[in-house]
């Protein structure tokens, strides 16, 4: 009897010791992370932890038990970006956290890791009480690409929250299930303005050709921003069936609608629209002229060369001139490139931004040095344009420059570069970051 009591006492003592050590470890991880989060912005710190990869998984798993919901959410996101399956049990527990931000971060992390064993738990999370939590779980299931989630996503299309409905439709698109398309078309034509715009955007992301007739009808919608987005979406879908309707929209009284129609026609790329776009080079709106010039470059018909050159000679807006020159360069006029590179250093920030965007659009690799300099531009919109322009450069130059951008002073540059790299390379990013000096 005494031996059994002693054994029980020892057992309880050992359990208490392990619990104490665990709490100490958790407190230490929490304290360290909390201090780092005060000293560095979220994306710089995410980048650093991603670069460390599996070496910090244990540390981050301990941080998931921190008293701070901010620390827990950060740890969950970092574990998802690292993509280590060892963290799955801890993240599954975090999906049930009492704080919404932690539950959302844990769900997205599981989506990035994409372990098929977590599909059932994430499906359960799509039924939680908070709409943002349900939507995050839907997005996570879409990221995973496991078709076992399709039945649950179809159920969520009737959720009481539009945020969840749209997340479910987005997930079905990523899962390759077309059943959401008719519902999105219905939403795009009958619901509130905000929901209609979200539905139209999703139809574009899914390149849903079945939506083309409905989108053509929406070009005449009384809400001009719905019409504008519909035109842009028709360009994204790229169906020549919409050409006639978009040509009619070029006659609209509204500048955004004429500009959106010109942009969409460029993406569709029908040479039969060149003459109409040449006429738009004389439009009184610089934005319409700018997008028409770019559209002609995208179509790539040499018949537009003389019109572009004539317009460049007399153009009074430098941002428009940049795109006239860019399209001329695409058509084979190599001298036009000098005009663009000259305007990269223009005193006007908007002109600089357009010159940077044009170089990115052209994928002109020798201009990388110029673009890198503008990662430190005084205006955030020029800095971000430089990041996206570098992303359009050929590999490996694009990857190398984006990794360098992670060390730039401005948080917006680091954030954009980090997201592009992570979306493009996923877990491979860890090895790339480790290889940097």
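The table for this structure:
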quantity: Residues (surrounded by fewer than 23 Cβ atoms within 10 Å (Cβ to Cβ) and either assigned to a helix (DSSP H, G or I) or on the phi < 0 side of the Ramachandran plot (or both)) located in region 207-217; calculated: 209, 210, 212, 213, 214, 216, 217
quantity: Hey, residue 358 touching a helix residue (DSSP H, G or I) at 6+ places or on another chain (Cβ under 6 Å) and either in contact (Cβ under 8 Å) with a residue 60 or more places away in the chain or crowded, with 22+ Cβ neighbours inside 10 Å (or both) or not; calculated: yes
quantity: Odd one out for residue 70 among (1) in contact with a helix residue (DSSP H, G or I) (Cβ under 6 Å, 6 or more places away or on another chain); (2) in a helix (DSSP H, G or I); calculated: (1)
quantity: Selection status of residue 41, more than 20 Å from residue 425 (Cα to Cα) and within 20 Å of the chain's Cα centre (by Cα); calculated: yes
quantity: Residue within region 268-283 that is in contact (Cβ under 8 Å) with a residue 60 or more places away in the chain and assigned to a helix (DSSP H, G or I) present; calculated: no
quantity: Residues (crowded, with 18+ Cβ neighbours inside 10 Å and modelled with pLDDT of 80 or more) located in region 17-66; calculated: 56, 57, 60, 61, 62, 63, 64, 65, 66
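The values are calculated or read from the model by the stated rules, or taken from the named source; none is laboratory data. Computed from a prediction, not measured in an experiment: that's the story for all the values here. For neighbour counting, all protein chains shown are included, and Cβ atoms are generated from backbone atoms with ideal geometry for every residue, glycine included.
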